[in-house]
Amino acid sequence: MRMLPRIVPCVVLTALAAVFSFLCSRPAPAQDASSNLKPWRDGVVEAKSDAGFVFMASKGGFAAKEGLDLNMIQFKGDALALRGMLAGELESYEGNPGAPLLAASRGADIKVIGCYWPVLTNAIFVKQGISSVADLKGKAFAISSPGALPDLFARVVLEQNNLTDSDVKFAVMGSDADRFRALSAGIADAAVISTEFAPIAEQQGLKLLVHPHDAAPNYLRFCIYTSSTVLKQRHDDVVHFLTAEMKALRYALASRDKVLDLTRQVTDAKPDDPRPGYVFDEVTKYSAIDPAMPIPLAKLDWLQDLLVKTGNLSTKIDVKTIVDDGPRQEALAQAGK
């Protein structure tokens, strides 16, 4: 399978420029003398129906209890958040391991410090009339930026079904919501989208074709990343950040109503929107979140093998070199195992 050409559409470049213009024009966050909280900037993918889990550490007060003023900055995709972290505009970010592995292979300073969402929750949705992956040949397939989760998951499924990237017409589109709208409007024939859209897909004439639990059980959804510079300069704050995340996720898993309320608050979802509840129940069904945040080296290496197959990665690295499990172990001790 040949590598996707690294020509980024103008809309992506424009979005990236806007993101960095916004970040770089902002003054460095100042410490609040009255509360004595230390600023921490964490990049996350644009809020959707899993926001109750993702934002609980910040919105639920868990970070503040750990002495941090946690500012969660949203990006259209995790590849953009990675660039923000490498530029020093974020202390950490949360996303799929694909882009970090590619960046690390080129010498980027990046460390995996925990993986809290070990099960993928992005699926392939298609228009009615498409009944198999083979039917995607020659069709327009909506993904996100090269190396990001939707792009790589699409390649996993194509490779499993003896198709190559040249057998489909990839179209780079921003967020899950963007890809869902494109699919609903007939601009695309297939798209990699969060499974949260499953309860509203049928009314749009769409269906879920491939579920990640079946197609990619080894695919990690979210890990947390930082740099060796941040680890060296703010080690204790890294530990407090991870402690807050662990406590928040434990609370969230035991508090369905609170998670749904926070999701609606962050995303402005209506009370009758079925997606927040669907996501929570899917997380429970598949044990998709692990508050202990173990870092599975075997799954990271599996993803490297995939990147080599797709031509995105020419030479594998020792994944141990981009992992620092020390802060997570300290956080486990603070959070109580």
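The values are calculated or read from the model by the stated rules, or taken from the named source; none is laboratory data. Bear in mind that the values here come from a model prediction, so they are computed numbers and not experimental data. So basically every Cβ, Gly included, is an ideal-geometry build from the backbone, and we count neighbours across all protein chains shown.
Leu253 meets all of the listed conditions (1) buried (at least 17 other Cβ atoms within 10 Å of the Cβ); (2) of a type in the set (A, V, I, L, M); (3) modelled with pLDDT under 95; (4) more than 18 Å from the chain's Cα centre (by Cα) but one, namely (3). Here is a check on your reading of the model: is Thr263 surrounded by fewer than 16 Cβ atoms within 10 Å (Cβ to Cβ), in the same structural domain as Gly107 (by TED's automatic domain parsing) and in a helix (DSSP H, G or I)? No; evaluated as a whole, the condition is false for this residue. The lone criterion from (1) surrounded by fewer than 17 Cβ atoms within 10 Å (Cβ to Cβ); (2) in a helix (DSSP H, G or I) left unmet by Leu300 is number (1). Flag set for Phe170, criterion: of a type outside the set (D, E, K, R), in a strand (DSSP E or B), touching a residue at least 60 places away in the same chain (Cβ under 8 Å) and surrounded by fewer than 23 Cβ atoms within 10 Å (Cβ to Cβ).
Condition (residue is at negative phi and either over 19 Å from the mean Cα position of the chain (by Cα) or modelled with pLDDT of 95 or more (or both)) applied to the range 148-158: is it met by at least one residue? For the range 148-158, residues at negative phi and either over 19 Å from the mean Cα position of the chain (by Cα) or modelled with pLDDT of 95 or more (or both): present.
Looking across Glu159, Glu196, one residue alone is out of contact with any Pro (no Cβ under 9 Å at 6 or more places or on another chain) and either of a type in the set (Phe, Trp, Tyr) or within 28 Å of Lys299 (Cα to Cα) (or both). It is Glu159. Considering only residues in the range 63-118 that are aliphatic (A, V, I, L, M) and part of a loop (DSSP other than H, G, I, E, B), the one that is farthest from Asn36 (Cα to Cα) turns out to be Ala108. Counting just the residues of the range 303-316 that are hydrophobic (A, V, I, L, M, F, W, C) and surrounded by 17 or more Cβ atoms within 10 Å (Cβ to Cβ), which one comes out modelled with the highest pLDDT? Going through the qualifying residues, I end up with Leu303. The set of residues from the range 277-297 being assigned to a helix (DSSP H, G or I) and either among the hydrophobic types (A, V, I, L, M, F, W, C) or surrounded by 15 or more Cβ atoms within 10 Å (Cβ to Cβ) (or both) comprises Gly277, Tyr278, Val279, Phe280, Glu282, Val283, Tyr286, Leu297. Within the range 206-240, restricting attention to residues that are under 18 Å from the mean Cα position of the chain (by Cα) and at pLDDT 95 or above, the residue that is farthest from Tyr116 (Cα to Cα) is Ser227.
Looking at the structure I just gave you, is Pro150 in contact (Cβ under 8 Å) with a residue 40 or more places away in the chain, closer than 20 Å to Ile289 by Cα and in a helix (DSSP H, G or I)?
Yes: the conditions hold for Pro150.
Say whether the condition of being of a type outside the set (A, V, I, L, M), surrounded by fewer than 22 Cβ atoms within 10 Å (Cβ to Cβ) and assigned by TED's automatic domain parsing to the domain that holds Glu46 is met by at least one residue in the range 220-228. So far as the range 220-228 goes, yes, one or more of its residues are of a type outside the set (A, V, I, L, M), surrounded by fewer than 22 Cβ atoms within 10 Å (Cβ to Cβ) and assigned by TED's automatic domain parsing to the domain that holds Glu46. Selection over the range 205-231 of residues that are in a helix (DSSP H, G or I) and either β-branched (Val, Ile, Thr) or without any contact (Cβ under 8 Å) to a residue 24 or more places away in the chain (or both) gives a count of 3.
Of the residues Asp261, Asp290, the single one that is acidic (Asp, Glu), out of contact with any Phe, Trp or Tyr (no Cβ under 8 Å at 6 or more places or on another chain) and modelled with pLDDT of 95 or more is Asp261.
Can you tell me which residue among Arg234, Arg181 is without any contact (Cβ under 8 Å) to a residue 12 or more places away in the chain and surrounded by fewer than 19 Cβ atoms within 10 Å (Cβ to Cβ)? Answer to the selection: Arg181.
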